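Enquirer: Structure incoming, see below.
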Amino acid sequence: MPELTGVAASIVGVLVLLGVLGFAVLRPRGLPEAIAAVPAAGLILLLGMATPAQALNSVAEIGPTLIFLAATLVIAYLADADGVFHWLGKSLGRGSRGSAQRLLMLVFIAAALTTALLSLDATVVLLTPAILTTVNRLKLPAAPHLYASAHLSNSASLLLPVSNLTNLLAFQAAGISFLGFTGLMVLPWLVAVGVEYGIFRWFFRRDLVATAPAIGTALDKTNPPRVSLGILGLVLAGFAVSPVFDVAAVWVAVAGAIVMAGRALIRGQVGLLRILQEANLPFLLFVVGLSVVVVGATSHGIETAVADLLPTGVDLLSLLAVAAFGAVLANLVNNL
């Protein structure tokens, strides 16, 4: 088969990329994203739009990031299996003392910290159901608190490299330390969460006047899962100190996942197959395939053309222009 180059390669590459992303968004019949991405990557290689060396280099670059992501997904799942989010939901309900306003504030704090420490996936998949259970038991309006959790899984993922897959990619490319990244992002994180809290207080002001008829025994005090909370604390501390010992943060996450998985297996809480399922290997394959497709789509002139459109300065207007460009693409395509 003849190799595609130049304009033809760019056109085919963009069409393949859009096809992969469209499949990922629509997920026909619930099929995993990798069903489209892996064959598409093979097509890119078959047409000569990316060389095997380019594909391997792309996969090697994102490999540590994907391992990191898999480890944090496992950590979040095992924390939930040990009752961390059940305990947290009950704690939020008791702390609210029946006030919808106070519960919203606590949900913002919990969702912001969960997103930052355990990634946005943990907030969406694990914390949000716990919040729904809590508001139902308190007979409070659900919309403000559920929307808060959903929104904060996005806006509160600015803080740490582990909060978002995009953060991990930027963290790796920037070549700065874990604490350096966090130091840069802490102010934007606080501003984003604070502004969003103010908007929610105004937008849902009618719902937030509600009070629970009675907290009752459904939210009685439960003992915190101290071991899991302790392991989570050690993993976070490990992220902060690992650069001092020249240890990549990915290995800290892997160690934390292994410890939590070993404990869960010994106690019979979960099976090994379920742990592997929670690592979301199909999604990781999707990202691998997507990275090869992106190489094929951008290596024949598009990358240069897009780079020429972007400002290269570091003044405020240039940075705002880059941010606006990224925001439009993130909403039209996705954050990757």
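Derivation of every value follows stated rules applied to the coordinates shown; laboratory data play no part. The shown structure was predicted, so the numbers you read here are calculated from the model rather than taken from an experiment. Note that we place each Cβ from the backbone using ideal geometry, even for glycine, and neighbour counts take in every protein chain shown.
Enquirer: So how much slack lies between residue 227 and residue 147, counting 0.36 nm per residue of separation and subtracting their Cα-Cα distance, in nm?
Expert: 25.7 nm
Enquirer: Once fully extended, how much extra length lies between residue 258 and residue 43, figured as 0.36 nm per residue of separation less the alpha-carbon to alpha-carbon distance?
Expert: 73.8 nm
Enquirer: From the Cα trace of segment 252-309, what convex hull volume per residue do you get, rounded to a whole Å³?
Expert: Considering the Cα atoms of segment 252-309, their hull volume per residue is 102 Å³.
Enquirer: I would also like to ask the following. What three numbers, in Å, describe the spread of the alpha carbons of the chain along their principal axes, ordered from the longest?
Expert: Taking the Cα atoms of the chain, the three principal extents are 72, 49, 47 Å.
Enquirer: Additional query: If you take the charge dipole of the chain about its Cα centre, with +1 on Lys and Arg Cβ and -1 on Asp and Glu Cβ, which of 182, 103, 60 is farthest toward its positive end?
Expert: Final value for the positive-end residue is 103.
Enquirer: Tell me whether segment 1-70 comes out rounded, prolate or oblate; compute the Cα gyration tensor, take square roots of the eigenvalues as a ≥ b ≥ c, and use a/c under 1.5 as the rounded threshold.
Expert: Verdict is oblate for segment 1-70.
Enquirer: Can I ask one more? Once you sort the root eigenvalues of the Cα gyration tensor of segment 275-336 as a ≥ b ≥ c, which label holds: rounded (a/c under 1.5), prolate (a/b larger than b/c) or oblate (the other case)?
Expert: Oblate.
Enquirer: Return a whole-number percent for the relative contact order of segment 1-115, with Cα pairs under 8 Å and 6 or more residues apart as the contact set.
Expert: Dividing the mean separation by the residue count of segment 1-115 yields 19 percent.
Enquirer: Can you give me the C-alpha center-to-center distance between segment 168-188 and segment 45-74, rounded to a whole angstrom?
Expert: After rounding, the separation between the Cα centres reads 21 Å.
Enquirer: Determine the distance separating the Cα centre of segment 103-134 from the Cα centre of segment 232-296; give it in Å without decimals.
Expert: Using only Cα atoms, the two centres lie 20 Å from each other.
Enquirer: In the chain, if the dipole is taken from +1 on Lys/Arg beta carbons and -1 on Asp/Glu beta carbons about the Cα centre, which of 199, 161, 38 is farthest to the positive end?
Expert: Value: 199.
Enquirer: Starting from the exponent 0.38 and prefactor 2.2 Å, build the expected Rg for segment 89-237 from its residue count and divide its actual Cα Rg by it.
Expert: For segment 89-237, the normalised Cα radius of gyration is 1.10.
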